[in-house]
1. Does residue 58 satisfy being loosely packed, with under 10 Cβ neighbours inside 10 Å and either at negative phi or not assigned by TED's automatic domain parsing to the domain that holds residue 3 (or both)?
2. Of the residues in the stretch 13-27, how many are part of a helix (DSSP H, G or I) and either loosely packed, with under 10 Cβ neighbours inside 10 Å or touching a residue at least 60 places away in the same chain (Cβ under 8 Å) (or both)?
3. Of the residues in the stretch 28-45, how many are surrounded by 11 or more Cβ atoms within 10 Å (Cβ to Cβ), of a type outside the set (S, T, N, Q) and assigned to a helix (DSSP H, G or I)?
4. Can you give me the number of residues within the stretch 61-77 that are loosely packed, with under 10 Cβ neighbours inside 10 Å and either at pLDDT below 80 or within 17 Å of residue 15 (Cβ to Cβ) (or both)?
5. Quick check: anything in the stretch 1-8 without any contact (Cβ under 8 Å) to a residue 12 or more places away in the chain and over 15 Å from the mean Cα position of the chain (by Cα)?
6. Suppose the filter is more than 16 Å from residue 3 (Cβ to Cβ), among the acidic types (Asp, Glu) and at pLDDT 90 or above; does residue 44 pass it?
7. Going by the conditions given, is residue 69 touching a helix residue (DSSP H, G or I) at 6+ places or on another chain (Cβ under 9 Å) and not β-branched (Val, Ile, Thr)?
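The values are calculated or read from the model by the stated rules, or taken from the named source; none is laboratory data. Please read all numbers here as calculations on a predicted model, not as lab measurements. Virtual Cβ from ideal backbone geometry, glycine too; neighbours counted across all protein chains shown.
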Amino acid sequence: MDPVNTAYKQVFYPYHGWATRKAVAGALYTLPTKSLFLTRLKLDEASAFVLMQRTVTALAPLIHYIDNLFHSRESAQELLRLI
């Protein structure tokens, strides 16, 4: 199983109903392969890695905010239902 499907099944699948699961499966099916994605962006794997590292660093404050929001809820399950 590819990493995107694995991540979805581990994180969101348990909280989604049948219709949402089917919609996600259809959407994931349309994703390009990693190779095609990089080709369309005109990037090689090394430069894509550098850009991804920069993106992760830049998004760290947002991720921290969302994590705090998640943990501040009375029930984490309540927040997951909103997704």
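1. Details: loosely packed, with under 10 Cβ neighbours inside 10 Å: yes; either at negative phi or not assigned by TED's automatic domain parsing to the domain that holds residue 3 (or both): yes.
Yes.
2. Final tally of qualifying residues: 5.
3. Counting residues in the stretch 28-45 that are surrounded by 11 or more Cβ atoms within 10 Å (Cβ to Cβ), of a type outside the set (S, T, N, Q) and assigned to a helix (DSSP H, G or I) gives 5.
4. So the answer is 5.
5. Yes - at least one qualifying residue is present in the stretch 1-8.
6. Values: more than 16 Å from residue 3 (Cβ to Cβ): yes; among the acidic types (Asp, Glu): yes; at pLDDT 90 or above: yes.
It is true that residue 44 is more than 16 Å from residue 3 (Cβ to Cβ), among the acidic types (Asp, Glu) and at pLDDT 90 or above.
7. When the stated conditions are applied, residue 69 passes them.
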